[in-house]
Structures are given as C-alpha cells and as structure tokens.
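Derivation of every value follows stated rules applied to the coordinates shown; laboratory data play no part. In this text the structure is predicted, and so the values were computed from the model without any measurement. Don't worry about glycine lacking a Cβ; one is built from the backbone with ideal geometry, like all the others, and counts go over all protein chains shown.
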Amino acid sequence: MTRLMGKTALITGAATGIGRAVAERFSVEGARVVIADRDTQAAASAAQTIGASARALTMDIADETSVAAGFAELEGLGWTPGVVVANAGVQLFGHDAPIADLDLDVWRRTMDVNLTGTFLTVKHAVRAMLPLGGGSIILTGSPTGVNGEGRDFTAYSTSKAGIHGLGRTVAAAYADRGIRVNTVIPAYTETSLVTTITSDPAARAAIIGRIPLGRAGTPEDIAGTMVFLASDDGAFATGALFQVDGGMTTI
C-alpha cells in the first residue's frame, strides 16, 4: 500500500471523523500527513497516534491569517503539500433551519467556516502547488448540496452546493497548471459532527432508510476514494463530483 509514497498531504479538520480516517489511510499509503485543525490538542493527539509520518498544525480555516501562516510554516519545514483535503466544516444542528426561520448569524457562521473556509484553504493550496508544478485538491461536499436532502438545513446545504461549484471553477481555471480539484460527496456518515442525529434512533433510521445500500457510511468508506484522487491513479480526474453516498442521490 504505497500509492501515496513521496507525497505530502494536508487534511483540514483531521483531528476527528472523516478527516482523521483520511489522514490515517494516507499515512498507510506512504504519505507524510499534516493534521490541520483548530483544536491544537486534538490535532497533536491524532498526529502522535499516526506516528513519525504525521505532524500537527493549528489552523482556523475561517481566518486567512491562520491559513496563510500554516502554509508558510509547512513550506519552511520542507512539508509543502502536493495534496490538500479541504474537509473541515460545521453543521449547526438546532440552529440551522428552513429559510423563513433561519437567523442571519447562523447563516454567516456556517458560511464563514464551510464556504469561506474552503475558499481560503483552496486559495492557499493553489498558491503552494503552482511552484510544485501541480497537485491534487479534494473537497468534502454533501448530498444536501445536490438535491433536497437538507431542506431543513438551509445554511449547511447552501454552503455545500457552493463548495461543489467552487471545486469545478478552480478545476477549470488551473487544469493547465497541473492542479486537479475534485469533490467527494459522502452520504450520512457517523462521525462526531452528526451526534445529534445519531442519538435519535428515529432520525437515524429515517436517513438510513433513504440510502439504497441500507447502512450509514463510515469515515473509512470515504478515505478510499480520496486515496484514489490523491494518487497518480486519479491523474485524469478533475472537476468531478464523486458521490460516495450508498446511492442516496440516485433516488
């Protein structure tokens, strides 16, 4: 398992959940991995668990100063990433709502992290990759940005639709510079982000009932697709939406 040998990958939101599973899998595949997270202690713990091929990086993706400083630090250490997974995000359960009931503050908080944070991550990833002659950028999307799955989560669903559009736009703009940009769209994946749903058996059952494969996704399900996109096996893939959703968006 050496598909990523010689590559350095930065994964945002990698202290837990999908991001951590991706970091662990990338390391197994031979990559050096940067665990970027605003939770310094959790990032350090994740990096320590992975071992010598990992390092922790404190980064708040909604703050451009923090993002720029993080990339500059990695460049100074000789860890400039040729693979960046823009995975960090929030979903404000109990606050996000249908538009008539949605507070502007909740909208802004969601957009600041999910859409603006992804924009800043991609912006500085592109700047870092141009001198390298290219690289692979992978975004984390959502079925809620494809269809009406997230009708009760206006801010989250809109932010993910924006991420899908951002990925395609940047892919088209930088394909001739060797930078590939793809978006992976997980279905309901049981992580710490969705503990509110997980703790409600009826809500969880209703969501799984809409997944043709009949189960929730796992972070490991997503990591495999991201390995493909980060590796040379995915060299001809750019601007694509990879729906790793158990068939959820087919119905």
If His124, His95 are placed from fewest to most neighbouring beta carbons inside 10 Å, the sequence is His95, His124
Which one of Pro98, Phe228, Met59 is farthest out on the positive end of the charge dipole of the chain, using unit charges on Cβ (Lys, Arg +1; Asp, Glu -1) and the Cα centre as origin?
-> Phe228
Run the quick spin-label model on Asp101 and Gln41: label points 7 Å from Cα toward the beta carbon, then report their separation in nm to one decimal.
-> 3.5 nm
Scanning the chain for helices, which whole DSSP H stretches are 24 Å or more long along the axis (Cα) and average 0.0 or more by Kyte-Doolittle?
-> 154-174
Quick calc of log₁₀ I(q)/I(0), the chain, Debye, one scatterer on every Cα, no solvent, q values 0.08, 0.15 1/Å, result -0.28, -1.02
Non-local residues with an amide H under 5 Å from the amide H of Val33, with H modelled 1.01 Å from N and Pro and chain starts lacking one, are Ala9, Ala54, Arg55
Tyr188 long-range amide H proximity, modeled H, under 5 Å | Gly217
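With an 8 Å Cα cut-off and a minimum separation of 6 or more residues, compute the relative contact order for the chain in percent.
Numbers: 524 pairs, mean separation 48.0, N = 251.
That works out to 19 percent.
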What order do you get for Met129, Met1 when you list them from fewest to most C-beta neighbours inside 10 Å?
-> Met1, Met129
Phe93 to Lys123: extension gain in nm, 0.36 nm per residue of separation minus the Cα-Cα distance?
-> 8.0 nm
Hey, could you get me the Stokes-Einstein D for the stretch 144-251, Kirkwood radius over alpha-carbon pairs, 4 °C and 1.567 mPa s, rounded to whole µm² s⁻¹?
-> 86 µm²/s
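Order by neighbour count: Phe242, Phe228, fewest other Cβ atoms within 10 Å first, most last.
Phe228, Phe242
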